[in-house]
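What follows draws every value from the coordinates through simple rules; no lab data is involved. Quantities reported herein were computed from a predicted structural model and do not represent experimental measurements. We place every Cβ from the backbone using ideal geometry, glycine too, and count neighbours over all the protein chains shown.
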Amino acid sequence: MSLYTIVLIFHSWLRWVALAAGVGATLSAIADRSGGRAGGWGLALTAALDLQMLIGLLLYLVLSPFTAEALRDFSAAMKNPGLRFFAVEHLTMMFAAVVLAHLGRVLARKASTPAAKRTRLIVCFGLATILMIAGIPWPGMANGRPLFRV
């Protein structure tokens with residue numbers, strides 16, 4: 001088994017941790033009427049996304065034959081939906097999800113009221129989770145991948 005395959009399997013399985021943390025963080029913020037801490041879900045979300053991003057960048061910049069092909073001729077890759085998805089769309093949506101999750105935690109800490117904190121967490125964690133869902137190459141899509149790699 002190649003290093004690419006091992007890293008890809010780990011990246012694929014870690015998405016479930018990140019998705020669960022995104023849903024958990026969003027629901028925790030929604031349920032927290034006191035405006036207090038959203039539990040450990042926000043920290044779990046940012047940690048999972050940070051690790052997922054590092055592994056994704058390793059795939060993107062070093063190991064993936066798809067992005068290597070796309071980066072060789074970016075103009076041609078933009079005409080190929082599968083290559084464009086991984087070279088641009090997946091990367092952009094997932095990076096935006098990482099930024100939103102971190103931004104939500106920072107903005108919540110700086111909120112002046114518990115209600116403002118709660119709103120900021122709901123919006124940022126909710127949008128991050130939506131972006132993760134939109135950016136995953138689900139089976140059945142033109143660029144789809146299996147739900148569980150083994």
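Among the helices of the chain, those built from whole DSSP H runs whose Cα atoms reach 24 Å or more along their own axis and whose mean Kyte-Doolittle hydropathy is at least 0.5 are 3-31, 41-58, 90-110, 114-135. Can you give the local net charge around LEU121? Use residues other than it whose beta-carbon is closer than 9 angstrom to its beta-carbon, Lys and Arg +1, Asp and Glu -1. So the environment of LEU121 carries a net charge of +3.
If you take Cα extents along the principal axes in Å from the coordinates, which of (1) 50, 32, 27; (2) 42, 36, 33; (3) 38, 37, 36 do you get? Checking each listed value against the structure points to (1). Averaging the Cα positions of each part gives two centres, and for the stretch 65-116 and the stretch 7-21 these lie 16 Å apart.
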